[in-house]
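What follows is calculated from the coordinates using simple rules that are stated; it is not laboratory data. Predicted model, so just to flag it, every value in this text is computed and none were measured. Cβ: placed from backbone, ideal geometry, glycine included. Neighbour counts: every protein chain shown.
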Amino acid sequence: MATRTDNRDRTRSTNERRERKTTRTGEKSAFDFASGNNAGPLLGALAAGAVIGIGANWARKFLMQQSESAMAGGQWDEILKIEHKATLAKFDLLLATDDDETAKRASLVKTIHYALNKHAHQEEQVVYPALRQANETVDADHLEHEHGYVKTFLYELENMPKDSPEFLVRVREFRDLIEQHARMEEEQVYPRFKEGLSEEQNKKITGLMNKEGMKML
């Protein structure tokens, strides 16, 4: 038969277990972001930071594209001329390198790749379709076909040893292709095409091209 003392001890032990369980239940993990009063402000701060980051990135792209457009007087063909000139200048820097400057060569090839990708995207998404709508399909198809050779050259240069004796030989051939391609656009195709465009049509092409250009920045 249990004594009064035994009953008190059992009661005390039960109460202590309940207190420990309550304490453990009430504890919060340092990683429990989804519970408690701090969850709302934390999630809000994270969301605000993401929005600010996206907004800043968009603003950077917009300013870069608009700066290029302003330099060209807001004319789509002049924007492309500026890009042609800038890309050929990068080729000249690459041709001026020595065989032991492999890191510099690799960096310049990446820069050229980026510039040509952006340039080709603008033409293929906006200018060449506009040419086809104006019954300049033959020229549009020819110019876009040459973009395939551009991609082949880029692939070769990126995978070729940068100290190879053939490296600069291929760079010169690539530069010649780009220069001939640009000359055809600037001196023949684009001037003829632009003559038949209204001011409103020119503005539309420029706006669409700037929009596509921002996607590649």
Values of log10 I(q)/I(0), in the order q = 0.21, 0.22 Å⁻¹, for region 64-175 under a Debye, Cα-only, solvent-free model
-1.13, -1.19
Would you mind calculating the gained length between His145 and Asn117 on full extension (0.36 nm times residue separation, minus the Cα-Cα distance), in nm to one decimal?
8.6 nm
Phi-derived 3J(HN,Hα) across region 203-212 with the Karplus relation (6.51, -1.76, 1.60, θ = phi - 60°), rounded Hz, x for Gly and Pro, is 5, 5, 5, 4, x, 5, 5, 4, 4, 5
³J(HN,Hα), Karplus 6.51/-1.76/1.60, whole Hz, each residue of region 111-117, x for Gly, Pro:
5, 5, 4, 4, 4, 5, 4
Which of Lys151/Lys211; Lys118/Lys203; Lys162/Lys211; Lys110/Lys194 exceed 25 Å between C-alpha atoms? The answer is Lys162/Lys211; Lys110/Lys194
Relative to the present Cα-Cα distance, how much length would full extension add between Met216 and Asn159 at 0.36 nm per residue of separation?
18.2 nm
Using a 7 Å offset from the Cα along the Cα-to-Cβ direction at both Gln201 and Ala70, what is the distance between the two label points in nm, to one decimal?
3.0
Would you mind checking which residues have amide H under 5 Å from Gly74's amide H? H placed 1.01 Å from N; only 5 or more apart, or other chain.
none
If packing is taken as the average number of other Cβ atoms within 10 Å across a peptide's residues, how do 154-161, 207-214, 80-87, 119-126 rank, most packed first?
119-126, 207-214, 80-87, 154-161
If each residue's Cβ is checked for other Cβ atoms within 10 Å, how do Ile205, Ile79 rank with the fewest at the top?
Ile205, Ile79
Provide the FRET efficiency to the nearest 0.05 for the Leu93-Lys194 pair, computing r from the beta carbons and using R0 = 25 Å.
0.20
